[in-house]
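The values are calculated or read from the model by the stated rules, or taken from the named source; none is laboratory data. The structure presented is a predicted model; accordingly, all values stated were derived computationally and were not measured. Cβ atoms come from the backbone with ideal geometry, glycine included; neighbour counts cover every protein chain shown.
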Amino acid sequence: MRRIVLLIAVAVSIPLAAQTGSARPASINPKVRAITAFVRMDRSTSDKQIADALAVLQKLKAEFVSSGYEVETVRLTTQPLTELVAGLSEDQALAFLRQLDERSAKDNFLLNVGPAMLHDSDDPASMQLLEKALSTLPHVSASAIIGDEDGIHWRAIRRTAELVRYVSEHSPESKGTFNFAASAMMKPLSPFFPGSYHTGPGRQFTIGFESANLVQDVFASDKGNAEAAIHDLTAALTKHAQVAEKIGKKVAAETGWSYMGVDPTPAPLGDVSIGAAIEAFTGARFGSSGTLTAARIITTAVKAVPVTQAGYAGLMVPVMEDKVLAQRWAESTYNVDSLLAYSAVCATGLDTVPLPGDITIEQMARIFGDVASMAVKWNKPLSARLQPIKGKKAGDQTDFRDPILSNTTVHGLP
């Protein structure tokens with residue numbers, strides 16, 4: 001890709017007559033948003049490991065391009081941060097991360113150094129290192145795990161809130177928070193950042209699409225017809241996921257790397273809007289009645305795609321990465337609570353949520369706690385990417401100078 005009314009949300013559907021099997025209009029291929037390689041990095045051989053990973057990523061990119069797809073980004077995720085910098089002083093660790101940051105910019109790949117806290121028992125000292133890295137290194141992404149099969153990580157939640165506050169106050173334009181997410185119940189090997197991580201041997205890769213345009217095509221045709229939309233969206237997503245699986249297996253056989261799956265989540269960006277797609281189905285502004293049903297339809301279709309799946313496998317609702325969502329946020333048609341309610345039927349959480357700069361650590365800890373509680377209760381991957389903005393208060397406009405982020409209104413919290 002920043003409380004809880006959920007019991008009635010789990011089984012919502014619309015009892016409309018199904019008209020499945022209808023002919024679908026041809027659609028422009030979605031972009032491949034992310035091809036992500038997972039590397040267990042040895043600092044003494046990191047240059048060669050990065051070069052080897054990039055060779056595999058470029059091979060995958062070339063296969064997609066020859067099949068008619070545009071590839072937006074190639075990415076590299078290391079082992080968790082604590083393991084990556086084990087044995088180094090903080091100054092040495094920052095120097096090493098700076099080298100990786102510079103290599104990422106030079107060779108045009110996105111970099112993720114995994115969670116600074118993977119377990120609640122982990123030494124939170126690594127979060128201090130990450131605070132400084134996120135505040136000064138623009139190409140490094142990372143995360144913290146705030147809930148897993150063992151339960152909610154309350155120590156990590158508190159330290160995460162402190163980190164987000166620090167980075168919002170010390171990074172240029174408060175933008176370092178864009179490269180950080182707190183996640184709960186997330187499995188390893190997601191292609192999407194910042195929550196991507198792995199704990200295995202490396203030499204693996206996964207793939208994610210930017211396919212909100214497919215959802216909009218289907219929803220415009222099947223407006224109001226839930227069963228038809230599930231059927232047709234499953235078919236549309238499957239077509240491209242199967243291409244990715246074929247390419248993944250081919251490159252894996254040729255390189256000795258392991259293909260670990262596709263995340264069929266229809267990621268949006270800018271004009272490729274999941275907000276516009278949902279409005280095409282409901283006929284109303286995002287956040288109106290029916291939005292939760294549309295979220296359920298998308299997630300049901302995603303889960304039904306018959307390929308090896310990785311990552312979220314659900315729905316992303318990034319407030320500032322989607323032009324329609326940013327506009328509706330400014331219009332107050334939805335808020336943090338409604339996003340969490342939608343999370344009852346999909347994998348979303350809170351993504352790129354702008355917040356006042358004076359939000360307290362306690363307020364953010366409560367938000368992270370709600371996300372972790374939802375994820376652990378329903379055993380689903382959720383994340384929170386909260387973005388407090390220094391100097392901004394409720395009613396102000398964000399002013400990020402970044403083509404990825406659509407500026408919107410900052411709202412206060414109750």
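Scan the stretch 136-152 for residues that are outside any strand (DSSP E or B) and either surrounded by fewer than 20 Cβ atoms within 10 Å (Cβ to Cβ) or out of contact with any helix residue (DSSP H, G or I) (no Cβ under 8 Å at 6 or more places or on another chain) (or both) and jot them down.
Within the stretch 136-152, Thr136, Pro138, His139, Glu149, Asp150 meet the criteria.
Give the residues of the stretch 354-383 that are crowded, with 24+ Cβ neighbours inside 10 Å and among the aliphatic types (A, V, I, L, M), sorted by residue number.
Leu355, Met364, Ile367, Val371, Ala372, Ala375, Leu382 - these are the residues of the stretch 354-383 that are crowded, with 24+ Cβ neighbours inside 10 Å and among the aliphatic types (A, V, I, L, M).
So Leu386 fits all but one of (1) surrounded by 24 or more Cβ atoms within 10 Å (Cβ to Cβ); (2) in a loop (DSSP other than H, G, I, E, B); what number is the exception?
Going through (1) surrounded by 24 or more Cβ atoms within 10 Å (Cβ to Cβ); (2) in a loop (DSSP other than H, G, I, E, B) one by one, Leu386 breaks only (2).
Going through Gly311, Gly275, Gly270 one at a time, which residue ends up being more than 20 Å from Gly349 (Cβ to Cβ), under 17 Å from the mean Cα position of the chain (by Cα) and assigned by TED's automatic domain parsing to the domain that holds Leu382?
None of the others qualify; the one that does is Gly270.
Just to be sure I understand the filter: pairs with C-beta atoms under 8 Å, separated by 6 or more residues or on different chains, first member in the stretch 214-233 and within 13 Å of Glu279 (Cα to Cα) and of a type in the set (Gly, Ala, Ser), second member assigned to a loop (DSSP other than H, G, I, E, B) and at pLDDT 95 or above. Which pairs pass?
Here the result reads Gly224/Gly283, each pair linking the stretch 214-233 to a residue that is assigned to a loop (DSSP other than H, G, I, E, B) and at pLDDT 95 or above.
Go through the stretch 65-83 and give me each residue that's under 24 Å from the mean Cα position of the chain (by Cα) and surrounded by fewer than 21 Cβ atoms within 10 Å (Cβ to Cβ).
Scanning the stretch 65-83 gives Val65, Tyr69, Glu70, Val71, Glu72, Thr73, Glu83.
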